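Worksheet: the structure to be examined is printed underneath.
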Amino acid sequence: MAGVRVVLFDLDDTLFAHAEAVASGVAAHLAAEGLAVRDDSLATWMRLEELHYHRYLSGELGFDQQRAHRMIDFAATYGLTLDEPLEWFARYLAHYRAAWAIHDDVVTCLDAMPGMRFGIITNGELAFQVPKLEAIGLLPRVEHVIASGQFGVAKPDPRIFQHACEVFGVAARDAAYVGDRFETDAVGAARAGLTGVWLDRRGAASADERREAAASGISIVASLSEIPQLFAP
């Protein structure tokens, strides 16, 4: 893939260990609230996060509204009615923040691409995502952070990928995008004219996804350690 001058990354679950921080945060929050951690607690939390966060991305809910809906629905599974769901979320958020961490393959990946320019495209609010980059030490290493909440459209809309290329001053063909979601990240980027890379850490790619990836010029990698060799000159 010679010619790539800019590598753009997704943030959550690509560079930033979001799922791990959620798991730690949920367990600590439930314990602090005097609630038992059930076998389905984390799965329920993640399902509601996915449901209501996408309602936020579609414009149906505001950022704080999706947080409130998630807490109301989750608490209901414990038979609780929340009068102040955002206060409940704030208490969880403190535990989530305490568990923020970087994936262990990130720094070696970036170090192995000297001279490459890096950036972020994230579906979220800039004011919430930038502190994550600061906490894990990556903010100085990226030139630009493009957030859907600031730009006005979310991945996989091609406009956000194209906007990022404009910000960097490069053609789409000279940029690559790496993310952990096949459709949202890799396919979205490829349709916008960038080189799409799917970070499939769990090895979950189906036969249909592999065929679509091959047809769209999308690389599938199991670790960020594989990224530098894709863009070696």
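The values are calculated or read from the model by the stated rules, or taken from the named source; none is laboratory data. Predicted model only: the values in this text are computed from it and were never measured. As a convention, Cβ positions derive from the backbone with ideal geometry for all residues, glycine included, and neighbour counts pool all protein chains shown.
Helices (runs of 4 or more DSSP H) wholly in the range 178-233 with at least 1 residues that are more than 20 Å from the chain's Cα centre (by Cα), hydrophobic (A, V, I, L, M, F, W, C) and surrounded by fewer than 18 Cβ atoms within 10 Å (Cβ to Cβ) - which ones?
On the way: elements: 188-191, 207-216, 227-230.
Fully inside the range 178-233 and qualifying: 207-216, 227-230.
Tell me, which residue of the range 115-124 that is modelled with pLDDT of 95 or more and closer than 21 Å to G149 by Cβ is farthest from the chain's Cα centre (by Cα)?
F118
I'm checking my understanding of the structure. Among residues of the range 1-20 that are of a type in the set (A, V, I, L, M), under 18 Å from the mean Cα position of the chain (by Cα) and buried (at least 20 other Cβ atoms within 10 Å of the Cβ), which one is farthest from E125 (Cα to Cα)?
V7
Write out, first by first residue and then by second, each pair whose Cβ atoms fall under 9 Å of each other, whose residues are 6+ apart or on separate chains, and whose first residue, in the range 87-102, is touching a residue at least 24 places away in the same chain (Cβ under 8 Å) while the second is part of a helix (DSSP H, G or I) and among the acidic types (D, E).
Pairs found: A99/E20; A101/E20.
If you check every pair at least six apart or on different chains, which have Cβ atoms under 7 Å apart with a residue in the range 174-189 that is farther than 17 Å from L110 by Cα and touching a residue at least 12 places away in the same chain (Cβ under 8 Å) first and a residue that is of a type in the set (F, W, Y) and part of a helix (DSSP H, G or I) second?
Once the first residue is farther than 17 Å from L110 by Cα and touching a residue at least 12 places away in the same chain (Cβ under 8 Å) and sits in the range 174-189, its partners that are of a type in the set (F, W, Y) and part of a helix (DSSP H, G or I) give G188/F161; A189/F161.
With L35, L30 as the choices, which residue is buried (at least 19 other Cβ atoms within 10 Å of the Cβ), more than 24 Å from T184 (Cα to Cα) and free of Cβ contacts under 8 Å to residues at least 60 places away in the same chain? Explain how you work it out, then say what you get.
Working: L35 fails: buried (at least 19 other Cβ atoms within 10 Å of the Cβ).
After applying the criteria, what remains is L30.
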